[in-house]
1. For region 221-237, indicate whether the set of residues that are in contact with a Leu (Cβ under 8 Å, 6 or more places away or on another chain) and farther than 21 Å from ARG172 by Cβ is non-empty.
2. Can you name every residue in region 212-245 that is aliphatic (A, V, I, L, M) and outside any strand (DSSP E or B)?
3. Test THR242 against the stated conditions and say whether it is among the polar types (S, T, N, Q), at pLDDT 95 or above and buried (at least 24 other Cβ atoms within 10 Å of the Cβ).
4. Look at region 90-106 and say how many of its residues are surrounded by 17 or more Cβ atoms within 10 Å (Cβ to Cβ) and either within 17 Å of GLY42 (Cα to Cα) or in contact (Cβ under 8 Å) with a residue 60 or more places away in the chain (or both).
5. Return the only residue of THR167, THR249 being surrounded by fewer than 18 Cβ atoms within 10 Å (Cβ to Cβ) and touching a Pro at 6+ places or on another chain (Cβ under 7 Å).
6. For the structure I just gave you, tell me whether GLY260 is more than 29 Å from the chain's Cα centre (by Cα) and buried (at least 17 other Cβ atoms within 10 Å of the Cβ).
7. For a quick check of your reading of the model, give me the residue pairs whose first member lies in region 26-42 and is in a loop (DSSP other than H, G, I, E, B) and loosely packed, with under 12 Cβ neighbours inside 10 Å, whose second is at pLDDT 95 or above and not hydrophobic (A, V, I, L, M, F, W, C), with beta-carbon atoms closer than 6 Å and at least 6 apart or on different chains.
8. Taking region 111-129 on its own, how many of its residues are in contact with an Asp or Glu (Cβ under 6 Å, 6 or more places away or on another chain) and either surrounded by 19 or more Cβ atoms within 10 Å (Cβ to Cβ) or part of a strand (DSSP E or B) (or both)?
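The values are calculated or read from the model by the stated rules, or taken from the named source; none is laboratory data. Keep in mind it's a predicted model, so treat the numbers as computed, not measured. When we count neighbours, we look across all protein chains shown, and the Cβ atoms used for this are built from the backbone with ideal geometry, even at glycine.
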Amino acid sequence: MKKALLLLAAAAACAIALPATAARNKTLKGSGRIVTETRDVGSFHAVEAGSIAHVLVGDYPAGRVTVKTDDNLLVHVQTSVAEGTLRIGLADATVQNAELTVYVPAAGITRLDAKGIAAFSLETPLAGITGLKAGGAAKITAEHPLQTNDAAIETSGTAHIAVEAMTGTLERISATGGSEIKLKSTATGRAIELRASGTSRLVCNGELLCDDASIESSGAARITTRVKCTECRIESSGTSATQVSLDATSLHAESSGGAGMTLAGTTRACRIVAGGTSRIDATGLKSEQWDTTVGKYSALKR
């Protein structure tokens, strides 16, 4: 009897919860009548955007944001600040055939986080950046210079981050899933980590200048980079591919599985280990000292 009563209570709770959930997550279609509203939000140092938001970060008045969207969606647009983070998105609704553009002041921003299919477009240089993060199918595009402060740049899902110019320091660049990161300028740091997994792609066309560089690819990921450092460690596994042009004092490169690795540049001493059915092409690498270990089914060209 007690068990039957518990089951009835659970069923009643579900009956109440399901309509409430549906009400909170209704699907709306944009009216096509675009309106603009300016909102006071106060100070913030980080911006988190989700849903379909397209956030333009530029030289706009501090402490306020301007929202441009369909008139029937305006009441659902969230622009709230908590613990220094401005959160932008659509509350309790999903939308179809709609526009949501938000104009955000650049002053004081140190971190950007894009989710869903949100997009950030940076219309002005930013200073003091500590983090760029994009997940889902989101995008962050920086066509103006960024000044970074031990920053982490991270993507997941099928997200994309592209940075045209950068000064300052980096700590970590990480791409997972099927995401992509493209850096076109030189970056510096004491110790810089590059990580790519899944089917992600990480391309650093500018040179990374650091004391220690750690580069790791796995799955079917791809890494292409240039590095000038004291110590460089490279690891490739799965069917990943890593291409590194380096100027280093010492190099430790290790491949396994069916990975591929291409090494070029100069180093004083190198330790290279090829295992599994992996392939390492070091014909473009010059080293004063060589220490190599090649497995039965792997290959090393030098």
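1. no
2. ALA220, ALA221
3. Answer is yes for this residue.
4. Within region 90-106, residues that are surrounded by 17 or more Cβ atoms within 10 Å (Cβ to Cβ) and either within 17 Å of GLY42 (Cα to Cα) or in contact (Cβ under 8 Å) with a residue 60 or more places away in the chain (or both) number 8.
5. After applying the criteria, what remains is THR167.
6. No; evaluated as a whole, the condition is false for this residue.
7. Hits for this filter: ARG33/ASP71; GLY42/GLY63.
8. Within region 111-129, residues that are in contact with an Asp or Glu (Cβ under 6 Å, 6 or more places away or on another chain) and either surrounded by 19 or more Cβ atoms within 10 Å (Cβ to Cβ) or part of a strand (DSSP E or B) (or both) number 1.
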